[in-house]
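Scroll down for the structure; my scribbles are underneath it.
The values are calculated or read from the model by the stated rules, or taken from the named source; none is laboratory data. Small disclaimer: the values here were computed from a predicted structure and weren't measured. All Cβ positions, glycine included, derive from the backbone under ideal geometry; neighbour counts span all protein chains shown.
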């Protein structure tokens, strides 16, 4: 199914601010080697086979992506198995399309892009005073680590930036199973893409004093943004969600999160107060071990050659494959940020271009290339 239109987001409100609403109606604008996917949640809406009935918008904005660029990016996404395609410029939906089994009410796998929610939750919890970002987690949460000379120094910031120095572990049964992971590097010194988000989840759970992490996420982030579709495919026998990669959400709800990020980065957010700007900015600030990685968000920031080689060596060439092509592409602005998951789950936010873009793919194809998509979308961009 395809829904192509140019609709002001402010007309689709259910939370009183310019967020993407859950009900879209046709309207024209004015002249202006991959990981294994988790099992989908039982509440996921089945894909629909309804044929496309799109009506092109009568007019397009004088600024933003050209119709030709949108069509080129969409065609590339579809050819790579794309299921969702949602482009917003200045809060207006320029194109919304669903192909290859996708639909507007179908929750989509986020895979590692789940971490975009987890990282923001870390900043919110710090703003709420549950911990200090530079506080060792052993101090008041992971008390099992107090007697370990290396683990006792691991901070919340280290966990939120994948710099705990802990070895990656796989095929675990729950959050507690991450605690015995060997220490390969001092905390804060080395980027290792690992299970840190789930150790963070355990630490946060213990600081919450009874409230589940998923309930805290819903209360402090999802509900204020009007996000109602997010579901968890629990990969752990202990009943806890995999905060690294098991969330599912509709494209429209994911776009709400992207718009919150875009408008806050641009100092234009007028919706519910969620966290102070100083804490928000931590999410999108790189660190010495990986300048192009924030609190689980990818950033367009240069990485020195020697450091890039170290990151690649420790992470299966992840830097070269995931973010370096974007860093090296001058067409992509420097304020670009991305939540990225396997199989082509992408949330792109570019505040300077006033763009938020959602793209999802199926859990059996991992050939989608960010730069191929973005260069098509940004060619001829009208400021």
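Scanning segment 63-91 for residues that are outside any helix (DSSP H, G or I) and surrounded by fewer than 19 Cβ atoms within 10 Å (Cβ to Cβ) returns 63, 66, 90. Those helices (runs of 4 or more DSSP H) of segment 236-321 in which at least 1 residues are over 20 Å from the mean Cα position of the chain (by Cα), considering only elements entirely within it, cover 305-314.
Quick one: would you say residue 269 is in the same structural domain as residue 118 (by TED's automatic domain parsing) and within 23 Å of residue 374 (Cα to Cα)? Here the answer is no, as residue 269 does not meet what is asked. The sole residue among 216, 178 that is under 24 Å from residue 315 (Cα atoms) and either surrounded by 19 or more Cβ atoms within 10 Å (Cβ to Cβ) or modelled with pLDDT of 95 or more (or both) is 178. If you go through segment 273-292 and keep only what is in contact with a helix residue (DSSP H, G or I) (Cβ under 9 Å, 6 or more places away or on another chain) and surrounded by 15 or more Cβ atoms within 10 Å (Cβ to Cβ), you end up with 274, 275, 279, 280, 282, 283, 284, 287, 289, 290, 291, 292. Screening residue 231 on (1) surrounded by fewer than 19 Cβ atoms within 10 Å (Cβ to Cβ); (2) modelled with pLDDT under 95; (3) in contact with a strand residue (DSSP E or B) (Cβ under 8 Å, 6 or more places away or on another chain) shows it passes everything except condition (2).
You will find that of 140, 167, 146, 153, the residue that is over 30 Å from residue 223 (Cβ atoms) and touching a helix residue (DSSP H, G or I) at 6+ places or on another chain (Cβ under 8 Å) is 146 and no other.
In the condition set (1) crowded, with 22+ Cβ neighbours inside 10 Å; (2) within 17 Å of residue 261 (Cα to Cα); (3) more than 14 Å from the chain's Cα centre (by Cα), residue 352 is compliant with all but (1).
It is to be established whether one or more residues within segment 119-139 are buried (at least 24 other Cβ atoms within 10 Å of the Cβ) and either more than 26 Å from residue 284 (Cβ to Cβ) or over 21 Å from the mean Cα position of the chain (by Cα) (or both). Checked against the condition, which is being buried (at least 24 other Cβ atoms within 10 Å of the Cβ) and either more than 26 Å from residue 284 (Cβ to Cβ) or over 21 Å from the mean Cα position of the chain (by Cα) (or both), segment 119-139 yields at least one hit. Remark: residue 205 falls outside the filter, which requires a residue to be assigned to a strand (DSSP E or B) and either touching a helix residue (DSSP H, G or I) at 6+ places or on another chain (Cβ under 7 Å) or at pLDDT 95 or above (or both).
Of the numbered criteria (1) at pLDDT 50 or above; (2) more than 20 Å from residue 255 (Cα to Cα); (3) touching a helix residue (DSSP H, G or I) at 6+ places or on another chain (Cβ under 9 Å), the one residue 34 fails is (1). For segment 201-235, filtering for residues that are within 17 Å of the chain's Cα centre (by Cα) and within 16 Å of residue 138 (Cα to Cα) leaves 1.
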